[in-house]
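Peer 1: Handing you this structure, nothing more for now.
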Amino acid sequence: MDNSSIADSIDNGVGQFAAEASIEVDDLVPLFDPAAYPEEQRGLITECNRRIDEANSKYRIAKFREDMFAKGLKAGMYFCTFDRDENMLSFEFNDETRQMLGYDGLEDLPDEFDSWVKTLVPEERDGIVKLFWDSVRIHRELPDITHATYRMQKKDGGIIWVTGAGRFIRRQDDGSLEIYMGCYRDITAQQEREEHLKIIEAIGRVFNFSIFIDVSDMSYRMISTNEYVEKVERDPDALRFLKNNVDATVAESFHKSLYDWLDKDKILAALEEHGSSSQEFYSESAKRWFNGIFLVGDRNEDGSIAHIVYGCVDTTDTKLQSLAQQKKISEFETEIYIDSLSRIRNRKFLDDKLVYEPCKAVVMADIDLFKEINDTAGHQGGDEVIQRVAGLLEKSVRKEDVVIRYGGDEFMMVFFDITGEELESKLSYLQSEVHSITLEDCPAIRITMSFGGAFGTELVGNLIGTADKALYESKKKRDTYTIF
């Protein structure tokens, strides 16, 4: 990734970022220039520089801590130090960070970079960690101070929003990253209020129809509406009003599932567990597909849900696009999973889609003395026999069952619902029907097949070996079938 792409990801990635100018610390002890000393003294000079560098780092950390606290950011902090190749040397939390996140001391949350990673919300973790290392990589192109707002996970699993400043402290002589300091405070209550207002403002634009519901008495106010909702009888209870909408506008086949869904206790339980609850339906009035969604509006001080939001989103275009994509996938699978000669499923389909599926029986079969057929009728005649056999096998099984060209003149059949008696009858029928296949140019050639069946409820892959053994027994006689 080039630096411009990384910078773009910082602007558009996880969290909200801004920047400001930082203080300058210029009263540091200067380093010696080894080149100004005799060669035999340069080792000593280098060691002096290392110690001066270390002392400067400690001094600079102290100064920048002082500056951060002076700006009122007196909550959580962490400090990272880097060597001149910008590899991380150390990572340290302050006590306020551990208290904010519910950890008890150094042993509970060690001073390690992985400890910070652990405090990030799992689904956002990779994005924020990537952003951290991307910003370290291009720190010379960034301002000294950046501001971030993101979520952290407490020891007890609770989630908080934090905001704060991250500061790059660069070495004065070569500009390499020496220290990175992060400082943040808990703004969960403020963030939830702001997010709530944003949700309410956006609901009218996102949803085709939406209401804001008071959980205590199920009263509601309309946020957005449409011509079909306006024709429905109003009811002071939100769920009864929504059921009236179901009766008046929704296709009857969806009524039962929607009535079951529109239950206050079920909705609240789903919101506590998943954060949302949704149900798809088709509107006969609008001739469109919709997705009804319940979301948390806001919570009481004790954490219980105070308000919920209901909205419905028109999903018709998405559904049509999905169907088009499915059609493309189906066409793609036709290309890669269909044998070009026999026009039935190929070995790749077995390996990719079928081998771990449970079934009732697997049958392996091959054409007897196929080399002699090729020698007599030529490869074109051999190809015709394979096509004719594939057609016979394919039309002799149910749509749910699968016929595969396993390789060369060998075929495989997978039956998902068949009894032992039915399997024996099927193989007897196929053995007989194969005799009717003739070649117009070589009518004297007699086509026969041998079949080996493995019967029993198992994964397809686990029955193939047994079916192979049964086929081996049949091949000793030819033109017969064996079932294990």
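The values are calculated or read from the model by the stated rules, or taken from the named source; none is laboratory data. These numbers come from a predicted model, not from an experiment. Please note: Cβ atoms are built from the backbone with ideal geometry, for glycine as well, and neighbour counts cover all protein chains shown.
Peer 1: Residues in the stretch 192-208: is at least one assigned to a loop (DSSP other than H, G, I, E, B), closer than 30 Å to residue 122 by Cα and at pLDDT below 85?
Peer 2: Yes.
Peer 1: Quick one: in the stretch 98-143, of everything that is among the aliphatic types (A, V, I, L, M) and part of a helix (DSSP H, G or I), which residue is farthest from the chain's Cα centre (by Cα)?
Peer 2: It comes out as 106.
Peer 1: Mind listing just one residue for me: the one in the stretch 294-320 that is under 15 Å from residue 225 (Cα atoms) and of a type outside the set (Asp, Glu) and, of those, surrounded by the most Cβ atoms within 10 Å (Cβ to Cβ)?
Peer 2: Looking at residues that are under 15 Å from residue 225 (Cα atoms) and of a type outside the set (Asp, Glu), I get 310.
Peer 1: Can I ask one more? Checking residue 52 against (1) at pLDDT below 85; (2) more than 29 Å from residue 156 (Cα to Cα); (3) buried (at least 16 other Cβ atoms within 10 Å of the Cβ), which single condition isn't satisfied?
Peer 2: (3)
Peer 1: Related question: Considering only residues that are assigned to a loop (DSSP other than H, G, I, E, B) and among the β-branched types (Val, Ile, Thr), which ones fall in the stretch 440-484? I'd like the intermediate steps shown before the answer.
Peer 2: As a first pass, look at the stretch 440-484 and keep what is assigned to a loop (DSSP other than H, G, I, E, B): 440-448, 478-480, 484.
Once the filter is applied, which keeps residues that are assigned to a loop (DSSP other than H, G, I, E, B) and among the β-branched types (Val, Ile, Thr), the stretch 440-484 yields 445, 447, 448, 480.
Peer 1: Looking only at the stretch 243-261, which residues are hydrophobic (A, V, I, L, M, F, W, C) and touching a strand residue (DSSP E or B) at 6+ places or on another chain (Cβ under 9 Å)?
Peer 2: We begin by selecting, within the stretch 243-261, every residue hydrophobic (A, V, I, L, M, F, W, C); these are 246, 248, 250-251, 254, 258, 261.
Answer for the stretch 243-261, where residues must be hydrophobic (A, V, I, L, M, F, W, C) and touching a strand residue (DSSP E or B) at 6+ places or on another chain (Cβ under 9 Å): 246, 250, 251, 254, 258, 261.
Peer 1: Same structure again: Name the residue that is nearest to residue 475 (Cα to Cα), counting only residues in the stretch 367-388 that are touching a helix residue (DSSP H, G or I) at 6+ places or on another chain (Cβ under 7 Å) and either of a type in the set (D, E, K, R) or crowded, with 19+ Cβ neighbours inside 10 Å (or both).
Peer 2: 367
Peer 1: I'm trying to understand the selection: among the residues of the stretch 147-188, which are β-branched (Val, Ile, Thr), in a strand (DSSP E or B) and either in contact with a His (Cβ under 7 Å, 6 or more places away or on another chain) or within 20 Å of residue 100 (Cβ to Cβ) (or both)?
Peer 2: Residues satisfying the conditions are 149, 159, 160, 162, 163.
Peer 1: Any chance you could count how many residues in the stretch 428-439 are in contact with a helix residue (DSSP H, G or I) (Cβ under 9 Å, 6 or more places away or on another chain), surrounded by 15 or more Cβ atoms within 10 Å (Cβ to Cβ) and either among the hydroxyl-bearing types (Ser, Thr, Tyr) or outside any loop (DSSP other than H, G, I, E, B) (or both)?
Peer 2: Result for the stretch 428-439: 3.
Peer 1: Please state which one of 141, 124, 112, 86 is over 20 Å from residue 57 (Cβ atoms) and surrounded by fewer than 16 Cβ atoms within 10 Å (Cβ to Cβ).
Peer 2: It is 141.
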